[in-house]
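Visitor: Handing you a structure now.
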Amino acid sequence: MQYTSNILMIRPASFRMNEETAVNNYFQSETQLDPRMVVGAAQREFDEFVALLRANGVNVIVVEDIKENDTPDALFPNNWISMHEDGKVGLYPMFAENRRRERREDILDVLEENGFEISEVIDYSSAEEEKVFLEGTGSLILDRENGIAYCALSDRADEELLIEFCEDFEYTPIIFGAYQNTDNKRLPIYHTNVMMCVADQFAVICLESIDDKKERKAVKEQLKSTGKRIVAITEKQMHEFAGNMLQIKAKNGPALVMSDRAYRSLQPDQIKTLESFGSIIHPKLDIIETCGGGSARCMMAEIFLPQG
């Protein structure tokens, strides 16, 4: 299956604009709010998002962040863990030192306590010692049904480690560069999942961000060859997090999750196309998006593990 109704989410305890990730996440920005108000607002957005998912029949396993760990981006667990149908779990090397504390063995215990079976843990985190990174399904857009891993290379997505992942998990890599305008420069986009989403029958992608025409054509052809309807978004829409979407299994069938900000950036014809494949769920995540530089998709780690 390309999508699941089982989702892991981490409730934030130390949320703020992460000074260590801001060096190459150009989606983050400062806020004038008191830090305590920022944490409280993020927790409210998180809780409302979880409630909305559960109201749509999604099984959300919520784990509390550990305040003492001082992990401002803990609510984005998809970057350090991926969970697969064969029982394998991937653990990933993180660019920011304070994000490395997000990897918690007790979370694997929680998954097993909830009836999920883990057969093997493949841990790539030692690559951090070589300053080599691959940030989970932030870096990797997985077409699980067709065994394809799309990846835009960046400081947080190393090509050699991507290929190692593909060998371990049996994926075919599709590698390209994706860029955004920042301070009159063309700079790499930090995570593939802010410019691209692959669902079962369609893909949302900012083709404008793939500057190399050959690479752009190759990505388009690959998507079309697997039967995906391409919904192209603009770079402006990408900056509203319109690429940061995830298809999930809701009680009435497939649903597409994005933030309200992303939803409002879409044109009526884009919404109509997306709704032809299922419902749209769009929580308000304004504080989380502003300070965290991530959105709805980043907050959801999909659980594909077998259940006992």
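The values are calculated or read from the model by the stated rules, or taken from the named source; none is laboratory data. Not measured: the values here are computed from a predicted model. Glycine gets a Cβ as well: all are built from the backbone with ideal geometry, and neighbour counts include every protein chain shown.
Visitor: Going by what's in this entry, would L187 be described as of a type in the set (A, V, I, L, M), under 24 Å from E240 (Cβ atoms) and either modelled with pLDDT under 95 or not in a strand (DSSP E or B) (or both)?
Guide: Yes; evaluated as a whole, the condition is true for this residue.
Visitor: All but one of (1) in contact with a strand residue (DSSP E or B) (Cβ under 7 Å, 6 or more places away or on another chain); (2) assigned to a helix (DSSP H, G or I) hold for R264; state the number of the condition that does not hold.
Guide: Here R264 clears every test but (1).
Visitor: Now for a separate question. Is there a residue in the stretch 29-46 that is of a type in the set (S, T, N, Q), more than 28 Å from V121 (Cβ to Cβ), surrounded by fewer than 19 Cβ atoms within 10 Å (Cβ to Cβ) and modelled with pLDDT of 95 or more?
Guide: There is at least one residue in the stretch 29-46 that is of a type in the set (S, T, N, Q), more than 28 Å from V121 (Cβ to Cβ), surrounded by fewer than 19 Cβ atoms within 10 Å (Cβ to Cβ) and modelled with pLDDT of 95 or more.
Visitor: May I ask you to list the residues in the stretch 43-60 that are within 12 Å of P283 (Cα to Cα), touching a residue at least 40 places away in the same chain (Cβ under 8 Å) and aliphatic (A, V, I, L, M)?
Guide: If the condition is that a residue be within 12 Å of P283 (Cα to Cα), touching a residue at least 40 places away in the same chain (Cβ under 8 Å) and aliphatic (A, V, I, L, M), then V50, L52, L53 are the ones that fit.
Visitor: Only residues that are over 15 Å from G294 (Cβ atoms), of a type in the set (S, T, Y) and out of contact with any strand residue (DSSP E or B) (no Cβ under 6 Å at 6 or more places or on another chain): list them for the stretch 69-119, please.
Guide: Result: S119, single match.
Visitor: Among the residues of the stretch 95-116, count how many are over 20 Å from T71 (Cα atoms), surrounded by 12 or more Cβ atoms within 10 Å (Cβ to Cβ) and in contact (Cβ under 8 Å) with a residue 40 or more places away in the chain.
Guide: Adding up the residues that qualify gives 3.
Visitor: Please find, among G177, G253, the residue that is modelled with pLDDT of 95 or more, in contact with a Pro (Cβ under 9 Å, 6 or more places away or on another chain) and more than 18 Å from S295 (Cα to Cα).
Guide: Unique residue meeting the criteria: G177.
Visitor: Looking at the stretch 227-271, which of its residues are over 18 Å from the mean Cα position of the chain (by Cα), surrounded by 19 or more Cβ atoms within 10 Å (Cβ to Cβ) and within 26 Å of A51 (Cα to Cα)?
Guide: A250, S265, L266
Visitor: Go through the stretch 71-87 and give me each residue that's at negative phi and surrounded by fewer than 18 Cβ atoms within 10 Å (Cβ to Cβ).
Guide: Within the stretch 71-87, E85, D86 qualify.
Visitor: Select from the stretch 182-225 the residues that are surrounded by fewer than 23 Cβ atoms within 10 Å (Cβ to Cβ) and of a type in the set (S, T, N, Q) and write down the one among them that is nearest to G253 (Cα to Cα).
Guide: Q201
Visitor: Hey, among the residues in the stretch 147-174 that are farther than 26 Å from E105 by Cα and in contact with a Gly (Cβ under 9 Å, 6 or more places away or on another chain), which one's surrounded by the most Cβ atoms within 10 Å (Cβ to Cβ)?
Guide: Looking at residues that are farther than 26 Å from E105 by Cα and in contact with a Gly (Cβ under 9 Å, 6 or more places away or on another chain), I get A152.
Visitor: List pairs: first in the stretch 282-308 and among the aromatic types (F, W, Y) and surrounded by fewer than 23 Cβ atoms within 10 Å (Cβ to Cβ), second assigned to a loop (DSSP other than H, G, I, E, B) and modelled with pLDDT under 95, Cβ under 9 Å, 6+ apart or cross-chain?
Guide: Going by the 9 Å Cβ cut-off, the qualifying pairs are F304/M1.
Visitor: Continuing with the same structure: Of everything in the stretch 76-128, what is at pLDDT 95 or above, within 27 Å of D155 (Cα to Cα), of a type in the set (A, V, I, L, M, F, W, C) and part of a loop (DSSP other than H, G, I, E, B)? Give them in sequence order.
Guide: Residues satisfying the conditions are F76, W80, M94.
Visitor: Further question: From the residues in the stretch 190-224 that are assigned to a loop (DSSP other than H, G, I, E, B), modelled with pLDDT of 95 or more and over 20 Å from V257 (Cβ atoms), which one is nearest to the chain's Cα centre (by Cα)?
Guide: The qualifying residue nearest to the chain's Cα centre (by Cα) is I210.
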